[in-house]
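Notes for the one structure printed next.
Computed from the coordinates by the stated procedures, all read-outs in this text should not be read as laboratory data. Note that this is a predicted model, so its numbers are computed, not measured. Counting neighbours? That spans all protein chains shown, and the Cβs are built from the backbone with ideal geometry, glycine included.
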Amino acid sequence: MGNRVVITGMGIYSCIGKNKDEVCKSLYEGRSGIGIDPQRKLMGYRSALTGILEKPDLKGKLDRRQRLCLPEHGHYAYVATAEALEQAGIDAGFLAAHEVGILYGNDSSAEAVVTGADIIREKKNTVLVGSGNIFQSMNSTLTMNLSTIFNLRGINFTVSGACASGAHAIGLGYMLIKQGLQECVICGGAEEVNKYSMGNFDALSAFSTREDEPAKASRPFDKNRDGLVPSGGAATIILESYESALKRGAAILAEVIGYGFSSNGEHISVPNVDGPKRSLLMAVRDAGVDIGDISYVNAHATSTPVGDKNEARAIAEVFGKCRPLVTSTKSYTGHEMWMAGASEIVYSTLMMLNDFIAPNLNFEEPDEASAMLNIPRERVDKAFDMYMSNSFGFGGTNATLIIKKHKREDDKRRID
């Protein structure tokens, strides 16, 4: 069966909060983080809607060279990772003495690429692009920067799987620890929110144009949804073997018990039902649980017409008469892209630890597919012990994770 894999730390920097406490409060109170970015209109975007984030000031926390090598989303990732490590009780001494790995989801670093190319074109001199640009612009920017900042000595690479990147990073970390190849892996995902990062998505008419009411623009599962809202930030999860956490005396937040994945094998951008369904079923088989034990599903649902419909059908077919509560936290944050698979583990775990399920914002009228699901319009105050989180991406890549609440009495019995 392999090693048990637990979560001992979480960190988050998103449009609904700069840390776990702020994020939990936003979810509990139903507060959206979506607004308008005027620069997008000046760039020629159809839609100026986006998650609104303030770039953190890292002066005094990182030296000038470290800051120079970090892209925008690297700043978010650093803050999220520092918060997660602190909660896990992992300090610099532990990192220096152990082979802690890092797997982080990232699929682009647009601003660094664009600005670097612009400087070279204008100045006709590559030297003027600066020595930090290459480390900002590579797709592996997050893992190369974080691994050197935190002196990590274990596995180290970036997971690039479109909007399932963050979830696949956690899934791969889970597999490595389960197989005994690593004891502790920092996993997560990050996404930039600057004006350069999403122009090509806007060109596909993928974005909502409901600019008059930004907080109501992201409408997963609602019949009148008209597209997603781009967003970003960073989320970090500390995965650790149960034995390692127990040995350190770490507080265990939850346990990863299932990981499923699949490929649609069809259209490059239009999702189907079969691929997601197989991912869900694989995660359930891996977890070895009864489908009725899963009380909540954090759906991928991005607020696009076809994607939400097909996911609703997949969930309905897998769960049948069980009808767990289903919401998409993208109704709060918009679509956090490469970050989403990791951030939604943070959001869902915070809800599980605090005994509530945040409502699906802006769900006013179901369509024929979402009518098959149990989607709450109001906050549900209830304890639950297990949830599923779905993440799907362009190219038909799918990832599903199942997380279980950790029971303290299990530790006591193990120690006794």
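So the values come out like this:
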item	result
Hull volume in cubic angstrom per residue (convex hull over the Cα atoms of the stretch 1-43)	149
Relative frequency of Cα-Cα separations exceeding 13 Å in the stretch 125-172, percent	65
Dimensionless Rg/Rh of the stretch 263-342 - Kirkwood Rh, Rg from C-alpha atoms	0.95
Where only alpha carbons of the stretch 90-158 are counted, the Rg and the Dmax (Å)	15.3, 47
Taking the stretch 255-406 and dividing mean pair separation by its residue count, relative contact order in percent (alpha carbons under 8 Å, at least six apart)	38
Å³ per residue enclosed by the Cα convex hull of the stretch 121-279	196
Long-range Cα-Cα pairs in the chain (distance over 42 Å), rounded percent	9
The stretch 168-225: mean projected area of Cα convex hull, nm²	6.7
Cross-link partners of Lys195 among lysines (Cα-Cα below 17 Å; sequence separation of 8 or more within a chain)	Lys41, Lys55
Total formal charge among the other residues, if their Cβ is under 14 angstrom from that of Asp222, Lys/Arg +1 and Asp/Glu -1	0
Label-point separation, Asn151 to Gln179 (7 Å along Cα→Cβ), nm	2.9
Exposure rule at most 16 other beta-carbon atoms within 10 Å, DSSP loop GluC sites (Glu not before Pro): the chain longest free segment	100-210
Extension gain (nm, one decimal) between Asn125 and Lys247, 0.36 nm per residue minus Cα-Cα	38.4 nm
The chain, relative contact order in percent, only Cα pairs under 8 angstrom and at least six apart counted	23
Normalised per residue, the volume of the convex hull around the Cα set of the stretch 255-406 (Å³)	95
Cα convex hull of the stretch 195-294, projected area averaged across orientations, nm²	10.5
Debye equation applied to the C-alpha atoms of the stretch 5-248, log10 I(q)/I(0) at 0.13 Å⁻¹	-0.85
DSSP-defined beta bridges in the chain - what % are antiparallel, rounded to 5	70
Shape metrics for the stretch 20-134, restricted to C-alpha atoms - Rg then Dmax, Å	18.2, 53
Among the listed pairs Lys216/Lys330; Lys18/Lys404; Lys309/Lys404; Lys382/Lys404; Lys277/Lys321, those beyond 18 Å (Cα-Cα)	Lys18/Lys404; Lys309/Lys404
